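Taking it in order: structure first as structure tokens, then the write-up.
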Protein chains: 4
Amino acid sequence: YDWARKLGLIRKPSAFISSIVDERGSELMYAGMKISDVFTSNMGLGGVIGLIWFRRKLPDYFCRFIELILMVTADHGPAVSGAHNTIVSARAGKDLQSSLCSGLLTIGPRFGGAIDGAAQKFSWAYDNNLSPQAFIDATRKQKELIPGIGHKIKSLENPDARVTIVKDFVKKHFKSSPVLDYACNVELLTTKKRSTLILNVDGCIGVSFVDLLRGSGVFSLDEANEYIQMGVLNGLFVLGRSIGFIGHWIDQNRLKQGLYRHPTEDISYMNMEYV
Amino acid sequence: YDWARKLGLIRKPSAFISSIVDERGSELMYAGMKISDVFTSNMGLGGVIGLIWFRRKLPDYFCRFIELILMVTADHGPAVSGAHNTIVSARAGKDLQSSLCSGLLTIGPRFGGAIDGAAQKFSWAYDNNLSPQAFIDATRKQKELIPGIGHKIKSLENPDARVTIVKDFVKKHFKSSPVLDYACNVELLTTKKRSTLILNVDGCIGVSFVDLLRGSGVFSLDEANEYIQMGVLNGLFVLGRSIGFIGHWIDQNRLKQGLYRHPTEDISYMNMEYV
Amino acid sequence: YDWARKLGLIRKPSAFISSIVDERGSELMYAGMKISDVFTSNMGLGGVIGLIWFRRKLPDYFCRFIELILMVTADHGPAVSGAHNTIVSARAGKDLQSSLCSGLLTIGPRFGGAIDGAAQKFSWAYDNNLSPQAFIDATRKQKELIPGIGHKIKSLENPDARVTIVKDFVKKHFKSSPVLDYACNVELLTTKKRSTLILNVDGCIGVSFVDLLRGSGVFSLDEANEYIQMGVLNGLFVLGRSIGFIGHWIDQNRLKQGLYRHPTEDISYMNMEYV
Amino acid sequence: YDWARKLGLIRKPSAFISSIVDERGSELMYAGMKISDVFTSNMGLGGVIGLIWFRRKLPDYFCRFIELILMVTADHGPAVSGAHNTIVSARAGKDLQSSLCSGLLTIGPRFGGAIDGAAQKFSWAYDNNLSPQAFIDATRKQKELIPGIGHKIKSLENPDARVTIVKDFVKKHFKSSPVLDYACNVELLTTKKRSTLILNVDGCIGVSFVDLLRGSGVFSLDEANEYIQMGVLNGLFVLGRSIGFIGHWIDQNRLKQGLYRHPTEDISYMNMEYV
Ligand SMILES: CC(C)(COP(=O)(O)OP(=O)(O)OC[C@H]1O[C@@H](n2cnc3c(N)ncnc32)[C@H](O)[C@@H]1OP(=O)(O)O)[C@@H](O)C(=O)NCCC(=O)NCCS
Ligand SMILES: CC(C)(COP(=O)(O)OP(=O)(O)OC[C@H]1O[C@@H](n2cnc3c(N)ncnc32)[C@H](O)[C@@H]1OP(=O)(O)O)[C@@H](O)C(=O)NCCC(=O)NCCS
Ligand SMILES: CC(C)(COP(=O)(O)OP(=O)(O)OC[C@H]1O[C@@H](n2cnc3c(N)ncnc32)[C@H](O)[C@@H]1OP(=O)(O)O)[C@@H](O)C(=O)NCCC(=O)NCCS
Ligand SMILES: CC(C)(COP(=O)(O)OP(=O)(O)OC[C@H]1O[C@@H](n2cnc3c(N)ncnc32)[C@H](O)[C@@H]1OP(=O)(O)O)[C@@H](O)C(=O)NCCC(=O)NCCS
């Protein structure tokens, strides 16, 4: 802001600053690019997200990887907290926006949070030159699990198709993927303990995106790190999963489901006598 | 607004108009009353709601009835949609505001909506001089249930304590209660059909509040009706039940409950092959 | 449901039914299609939305049109209610989900609602064989504006690039576009009155999507109409604009903007003395 | 939970545990107290909150202090972020729940957060036997402001009526108030620097509530501290301010205000050319 002020970009103090979209002129602009140019350039939805979130015209493989993440995270069934709350709200007869928000507000540390967590933890370990074993030991010492490692069912022998999709894309299109490679080395050790302690889909997306931000040549290292810290991956998960939540709202309306009430038999009422 | 303009209350056009609270002066004012006077007048929380929602210093029994509604609607257990979604969100590790909103967004036509519905339907029938039987017939003809009538367990023989509390207050403090009396006459007929078709707590609150707004001498009939149409009773339910939802958030945190995932065995997956 | 029951798809009554995504098996499935097949089929994000929202493998131009709508509606600057509330919440230091929801909850009849409104009104008029003039007269008689008609700045002489993008796609890829054609005939008349009374971007998206749902051969007319009534277009707007809202959240964090307080000089305090 | 299990209170594992309200029996119970007893005991709304949040029948002055906090925090005008977003959402034609949530989701570190912050910081300093001067120095060293200290307009000479109301109640009804006394000693020093560096209303509520939880004899010190850490004061602010937000929603509907769009003249568009 100060910098913008000095440059004379801002004359009188205005209450808001905004730097992504300009709707005032003869044509709507995303990060300075006319909407008609957006379409002639064929950048697709990933490109639009690049302009609006990062204020950059991103390379094609970057755009495609953003879309891949959205497709992979679009939904994971009706049982998880977010889909569940969306469904319960839809069945209470609420509109799409309310039901979607009822679901989105459950996304956080325990649901969806492993993507951001993996990105932050693995890049921290990598940047501090911890050996995979040292990283595993350090996490265990803090009595924490490594975010992005482990799966209830999937294992080395029974790999998760989504992980394969992500990895294949990285191998094919990224110039290098040091943090993903590092995470795979961690996986080599954890799966020795237990075959299910694989790099899961959240972890794979998280570390790959770090490699993308850092290695694409579009951002400085500081910028890349700032975006990771800020939670841009959380943004991708929120956006991707919104497809699923809206889908569940449509689905419940299509199926004309009535009000849900959780069965009291499934609740332990631990009432205490008031003092 | 036009009227305010003519009176000269508003000079230059400003983007917002607000008429309930003024924080600019030497003392915070609720509807023109200094906060210190609010306390010396002993109007209590019901009185504060009266000032902020209705811009009126309400009579004492009106204030107490507002508080009674909040106390009666404060919670109804963990099984209903709103409490359930709050609990699921709390167990996903989310903050109080997010969890509360996840629950509040389920309140609507099917959960909580019967209070407003009863107020509107019964006063409509009463104002149109429909006999109780004519009202019952008209509703059945439209293939609708009468909001505020019916209970799963409670009946004439096994009355709901909350209904008794509300009715007793009305009988003791209201000068008259024509819409409640009318609703009780409807109940006389519906309970002949089935003993559980009583005027339930939602219905009782709804019609009593109509009597209060209309009979207190504070509002014109038009004002009273406008508040009913606007959904002020919904506001009371939302505020009252917020006590419960916040309580459930505190409770789940106190009990240190982990992430909830609905059991897939309890979900029928009706997947269709894509065309 | 009954139908599903008869078919024996559902054995014991379970609390939830869900028909879009199955995460239980060896591979995640969207509407019965394995996630790996989703990627080998190259259907893109539009295709994924087709599977999850409509349970159908949609034709390619349908998928591309969904993506086009998301790109066109992705953002419209920081001044509109939804972006504004997201920004105010971001500046209050709130997380991405909370800020996004604070914005999403403003989407409705007056902000974003014209898309659904146009789809419903224009198809109603078209289906009832109203001549364009008869439709205009009917709306004026009800003292309503036609949703999807009119723009503050854009006009016949100064067309909106977004409208051109949408129309060009329709002309190139749809077999026929009766409702869009009808809307253009309405525009011919309204722009005679005033050059700014064009078919705006909301209107153009709304009616084109009706043509798409009805003319793609994928849905029966009843299904197409049900999706319009349900508000699927609202879903597309909500999803598309989420890109912008998340962008504004990132932007305000990048710019390190502090707490916003609306200037009291811009508010008319119309305090009434309490009675 | 384990403890409950051992006691045999919980037989088969159920998905949820809940310990505040039981709606299953012949009469609704708040923390084991029948709703009819709640009313005959005259505990009021503060008492109901005590039962539902703390599972305790609280002493009368405790209940009254809860109500006092709700009354004092009920609203602070239309300019603050939460009221502002509620108003913008109401003007977009949205329902009460959506508008309320749009506002509630702005409550957090910068808006409303000083109450919890003051409670935590001052009790930390008090418990660690820091002298008021040492506490001030420690905070300055961390380049932080003391939450709960400072006001734009109010000062020693021009005291805030709300602070006086809170303090008077404490002095009259609490047996002792060590943390409030400590905070007043801090104020003695900060106001020497600047007359506006008073203990503000957020600070005064925060520290008084610590004294209440600790000194009422109802909770152990651990329980008291757990409630402070958990953010129960945030809960009181959220509940109290909901009165104001709902009031603003009613107010905007009463005033029939139309869609708000922030003036673009008040926004600095800092568009960057895309790279
Ligand atoms: C995914 C997850 C829930 C699977 O759990 P699970 O199969 O039930 O595994 P358990 O919790 O029973 O753990 C089994 C063993 O593996 C270890 N383990 C599990 N996840 C681990 C991790 N992420 N890092 C290190 N060790 C881990 C456990 O400590 C335990 O070791 P122990 O037997 O010596 O006590 C779990 O691995 C996890 O929480 N991972 C981190 C969060 C995450 O990435 N979630 C997104 C999943 S898509
Ligand atoms: C509360 C309620 C769900 C109880 O339902 P229930 O005990 O399962 O009653 P049922 O739905 O089985 O109905 C039994 C009979 O009573 C009738 N009935 C139930 N509620 C009725 C109502 N509100 N008005 C008129 N008739 C009603 C039904 O039509 C049915 O008649 P039938 O046997 O001729 O078909 C139901 O009465 C209701 O929806 N009421 C209106 C909404 C309301 O007030 N909800 C708040 C409750 S606190
Ligand atoms: C977009 C809009 C706000 C532009 O408003 P505007 O340029 O300020 O136009 P005004 O409201 O001043 O109206 C000018 C005249 O056009 C008429 N008019 C405006 N929009 C009209 C519409 N949608 N249908 C029919 N007549 C319309 C007005 O009635 C008025 O006629 P009058 O002079 O005889 O009274 C307005 O056209 C509108 O509300 N359209 C419908 C909603 C919509 O599509 N919104 C999305 C926009 S992207
Ligand atoms: C309330 C508040 C915004 C008032 O700010 P203000 O009057 O504009 O005061 P300023 O920010 O100009 O600060 C003036 C001086 O007082 C000091 N100061 C202000 N608040 C302080 C605090 N809470 N603790 C310590 N010093 C403080 C500043 O450091 C500054 O000192 P300096 O002149 O040596 O740099 C500010 O005091 C504050 O943020 N307080 C903490 C948060 C809080 O309690 N908010 C709720 C208010 S109801």
> Does A:R5 meet the test of being at pLDDT below 95, part of a loop (DSSP other than H, G, I, E, B), more than 30 Å from B:G93 (Cβ to Cβ) and out of contact with any His (no Cβ under 6 Å at 6 or more places or on another chain)?
Replying inline: no
>> Can you tell me which residue is farthest from D:V72 (Cα to Cα) among those in the stretch D:127-142 that are within 12 Å of ligand 4 (Cβ to nearest atom) and of a type in the set (S, T, N, Q)?
In response: D:Q142
>> Here are the criteria: (1) assigned to a helix (DSSP H, G or I); (2) surrounded by fewer than 16 Cβ atoms within 10 Å (Cβ to Cβ). Tell me which single one D:E157 does not satisfy.
In response: (1)
> Which pairs do you get when a residue that is free of Cβ contacts under 8 Å to residues at least 40 places away in the same chain, found in the stretch C:137-158, comes within reach of a residue that is part of a loop (DSSP other than H, G, I, E, B), reach meaning Cβ atoms under 8 angstrom, with the pair 6+ apart or on two chains?
Replying inline: C:A138/C:L130; C:T139/C:L145; C:T139/C:I146; C:E157/C:S195; C:N158/A:S26
> Only one of (1) crowded, with 22+ Cβ neighbours inside 10 Å; (2) at the interface with chain D (Cβ under 9 Å from one of its Cβ atoms); (3) within 16 Å of ligand 2 (Cβ to nearest atom) is not met by B:P78, so which one is it?
Replying inline: (3)
> Based on what the data block shows, is A:S216 closer than 30 Å to C:W249 by Cβ, in contact (Cβ under 8 Å) with a residue 12 or more places away in the chain and either more than 14 Å from every other protein chain (Cβ to nearest Cβ) or over 24 Å from the mean Cα position of the chain (by Cα) (or both)?
Replying inline: no
> Conditions: (1) among the aromatic types (F, W, Y); (2) facing chain B (nearest Cβ under 7 Å); (3) within 24 Å of the chain's Cα centre (by Cα). D:F39 meets all but one. Number of the miss?
Replying inline: (3)
> Which residue out of A:S14, A:S19 is on the phi < 0 side of the Ramachandran plot and more than 9 Å from chain C (Cβ to nearest Cβ)?
Replying inline: A:S14
>> Can you list the helices (runs of 4 or more DSSP H) lying wholly within the stretch A:176-275 that have 3 or more residues being hydroxyl-bearing (S, T, Y)?
In response: A:178-193
> If you go through the stretch D:233-259 one residue at a time, how many are at the interface with chain B (Cβ under 7 Å from one of its Cβ atoms) and over 18 Å from D:V72 (Cβ atoms)?
Replying inline: 5
>> I'm trying to understand the selection: among the residues of the stretch A:59-79, which are part of a helix (DSSP H, G or I) and more than 27 Å from B:P263 (Cβ to Cβ)?
In response: A:D60, A:Y61, A:F62, A:C63, A:R64, A:F65, A:I66, A:E67, A:L68, A:I69, A:L70, A:M71
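Just checking, which of D:L156, D:L189, D:L145 is more than 22 Å from D:Q120 (Cβ to Cβ), within 15 Å of ligand 4 (Cβ to nearest atom) and touching a helix residue (DSSP H, G or I) at 6+ places or on another chain (Cβ under 9 Å)?
D:L156
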> Somewhere in the stretch A:161-168, is a residue away from chain C (no Cβ under 14 Å) and more than 16 Å from ligand 3 (Cβ to nearest atom)?
Replying inline: no
>> Consider the stretch A:100-130. How many of its residues are more than 7 Å from every other protein chain (Cβ to nearest Cβ) and among the hydroxyl-bearing types (S, T, Y)?
In response: 2
> Which residues, counting only those in the stretch A:180-197, are buried (at least 18 other Cβ atoms within 10 Å of the Cβ) and either within 14 Å of chain C (Cβ to nearest Cβ) or over 16 Å from A:T139 (Cβ atoms) (or both)?
Replying inline: A:L180, A:T196
> Restricting attention to the stretch B:61-74, does a residue exist that is in contact with a Phe, Trp or Tyr (Cβ under 7 Å, 6 or more places away or on another chain), aromatic (F, W, Y), under 30 Å from B:L180 (Cβ atoms) and more than 10 Å from chain D (Cβ to nearest Cβ)?
Replying inline: yes
>> Condition first: over 16 Å from the mean Cα position of the chain (by Cα), away from ligand 4 (no atom under 16 Å from the Cβ) and of a type in the set (K, R). Can you find one or more residues in the stretch C:101-113 that meet it?
In response: no
> Does A:V170 meet the test of being surrounded by 16 or more Cβ atoms within 10 Å (Cβ to Cβ), touching a residue at least 40 places away in the same chain (Cβ under 8 Å) and more than 13 Å from ligand 1 (Cβ to nearest atom)?
Replying inline: yes
> List the pairs whose first member sits in the stretch D:102-121 and is over 14 Å from D:A79 (Cα atoms), whose second member is β-branched (V, I, T) and not in a helix (DSSP H, G or I), and whose Cβ atoms are under 7 Å apart, counting only residues at least 6 apart or on separate chains?
Replying inline: D:S102/C:T106; D:K121/D:I146
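The values are calculated or read from the model by the stated rules, or taken from the named source; none is laboratory data. Quick caveat: nothing in here was measured; it's all calculated off a predicted structure. Please note: Cβ atoms are built from the backbone with ideal geometry, for glycine as well, and neighbour counts cover all protein chains shown.
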